[in-house]
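All remarks here apply to the structure that follows.
Every read-out reported here was derived from the displayed coordinates using simple, explicitly stated rules and does not represent laboratory data. Computed from a prediction, not measured in an experiment: that's the story for all the values here. Don't worry about glycine lacking a Cβ; one is built from the backbone with ideal geometry, like all the others, and counts go over all protein chains shown.
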Amino acid sequence: MDNNFPTNLILFGDDNWFHLLPLTFTKPICELRIGILTIREKWEMYLGGKGSFITQDYLAEKYPIHIEKDNILINSTFLPSVHLVNYLRQLNLNEALLVGDELVAARLSHNQFDSLSEDPESFRSLKGIDLLMEPALTFTRVTRPYHIFEHNGEELEKDFQLLTNGRKTQPLSDTNKVIGKNPVFIEEGATVECCFINTNNGPVYIGKNALLMEGCMVRGGLAVCEGSVLKMGTKIYGPTTIGPYCKVGGEINNSVLQANSNKGHDGYLGNSVIGEWCNLGADTNTSNLKNNYLPVKIWSYVKKGFDDTGLQFCGLIMGDHSKSGINTMFNTGTVVGVACNIFGDGFPRTFIPSFSWGGASGFTSHQLKKAIETAELVMMRRNQVLSEADKNILNYIFSENENNSI
């Protein structure tokens with residue numbers, strides 16, 4: 001490792017932050033989880049550095065920027081790989097990696113960073129290496145919410161190698177049945193008993209202090225991250241990620257739960273991305289395939305209309321702090337904003353703005369004060385506190401939503 005290579009990483013998302021709403025209402029792009037790790041955590045592990053953020057003004061209190069004499073600026077829509085990192089490590093001060101006209105990464109002095117902040121187009125004056133001239137180098141990018149489950153399999157395998165290389169798994173009890181060609185890795189404190197694990201399609205990673213109760217049937221690739229629980233009889237088809245401190249049951253297919261969210265009972269979740277601090281009530285079901293088998297359209301906050309994903313399978317995209325009541329039915333390609341409370345019979349509409357309260361029979365606005373009270377109670381159950389910065393973020397989203405600005 002180059003001892004002179006900077007360890008201060010600054011991650012930005014540019015206009016793609018808007019395309020990733022509602023998942024990015026409450027966080028920068030680099031805080032999204034895909035595979036096992038968040039995008040920031042991936043870059044930190046590959047480069048041995050510490051990340052900070054360029055993000056929306058209202059998020060900067062919770063996600064501040066840190067600038068040093070020598071900095072690595074990274075476009076966080078690009079996911080790291082060994083080959084991309086090798087190119088990045090060759091950068092000298094005030095040099096950049098580009099893909100055509102788009103900035104991938106740059107190594108900047110404090111002064112050059114200040115110039116870039118004043119004029120974002122000034123990166124064109126940097127000495128650039130255009131990666132399009134390297135045909136053997138391929139990229140994985142996250143620029144739309146559905147890219148998270150679409151690329152989850154390949155990212156899960158990369159993260160698995162990153163986290164387990166040179167390490168020894170904890171032993172797996174002989175009450176379990178394992179078949180398949182890929183490995184299972186069990187972190188310290190995890191409990192797995194009387195489960196069926198198939199690794200033919202990808203590895204299985206069980207995080208620290210995770211719990212797989214009796215009767216779970218899972219197929220890789222699968223990540224059950226730290227402190228998460230799979231309840232009795234859970235059925236999971238990969239590639240799926242159950243983020244830290246989630247509790248799930250029922251049937252799940254090719255989905256990503258970011259963190260601290262629950263789907264604790266029967267019901268189907270497929271080709272979906274669920275934010276943080278969400279709860280899907282008992283027998284909540286998502287459709288991920290249209291009856292006519294045509295490509296799925298989902299709401300675009302940029303277009304302010306529905307956009308074609310080109311995907312035949314696309315389920316539910318749900319922002320942080322949203323909830324569904326028992327027997328809720330989500331139609332194919334439903335997008336739910338932040339701090340929604342959805343209940344009642346029938347299918348609610350396929351775009352539900354932030355702070356909505358209701359269901360198929362209609363919606364009213366969820367009061368900001370009540371939404372914050374609920375968030376505080378939910379987090380208190382996990383011994384966490386809704387900070388003033390978090391409250392300010394929710395307040396901003398509520399105000400912009402009321403003004404129809406987002």
A convex hull over the alpha carbons of the chain yields, per residue, a volume in Å³ of 148
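Could you work out [θ]222 nm for the chain from helices alone, using -39500 (n - 2.57) per DSSP H run of at least four and dividing by all its residues? Round to the nearest 500 deg cm²/dmol.
The helix contribution divided over the chain gives -5000 deg cm²/dmol.
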Looking at region 322-383, which trypsin sites (Lys or Arg not before Pro) are in a loop (DSSP not H, G, I, E or B) and have at most 12 other Cβ atoms within 10 Å? 381, 382
For 72, 29, ascending order of other Cβ atoms within 10 Å (fewest first) is 72, 29
Charge dipole magnitude, Cβ of K and R +1, D and E -1 - the chain, Cα centre, debye nearest 20: 980
Compute the distribution of all C-alpha to C-alpha distances in region 7-60, in bins of 5 Å from 0, and list the percent of pairs in each, rounded to whole numbers. 5, 22, 29, 25, 14, 6, 0
If you place +1 on the Cβ of every Lys and Arg, -1 on the Cβ of every Asp and Glu, and leave all else neutral, what size is the dipole of region 8-143 about its Cα centre, to the nearest 20 Debye? 540
Taking the beta-carbon count within 10 Å as an exposure proxy, list 194, 314, 225 from fewest neighbours to most. 194, 225, 314
Subtract the Cα-Cα distance of residue 383 and residue 395 from 0.36 nm times their separation in residues, and report this length gain in nm to one decimal. 2.1 nm
Charge-dipole axis of the chain as Lys and Arg at +1 and Asp and Glu at -1 on Cβ define it, positive-most pick from 280, 55, 109: 280
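Just flag the chymotrypsin sites (Phe, Trp or Tyr not before Pro) in region 292-350 sitting in loop per DSSP whose Cβ has no more than 11 other Cβ atoms within 10 Å.
Listed in order of number, the matching sites are 293.
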Charge dipole (the chain, unit charges on Cβ, about Cα centre) - positive-most of 66, 131, 358: 358
Build a GNM of the chain with springs between Cα atoms under 10 Å: which of 37, 222, 137 gets the top mean-square fluctuation? 137
Under a Gaussian network model of the chain whose springs join Cα atoms within less than 10 Å, the largest fluctuation of 232, 318, 380 belongs to 380
Going by how many other Cβ atoms sit within 10 Å of their own, how do 195, 30 line up, fewest first? 195, 30
Ranked by how many other beta carbons lie within 10 Å on average, peptides 276-284, 175-183, 235-243 from highest: 235-243, 276-284, 175-183
Compute the convex hull volume of the Cα atoms of region 8-143, divide it by the residue count, and report the result per residue in Å³ as a whole number. 107
Rh_Kirkwood(region 238-331) over Cα pairs, Å, one decimal, evaluates to 13.5
For each pair in 181/290; 181/247; 69/303; 50/181; 158/391, compute the distance between the two Cα atoms and list the pairs where it is over 30 Å. 181/290; 69/303; 50/181; 158/391
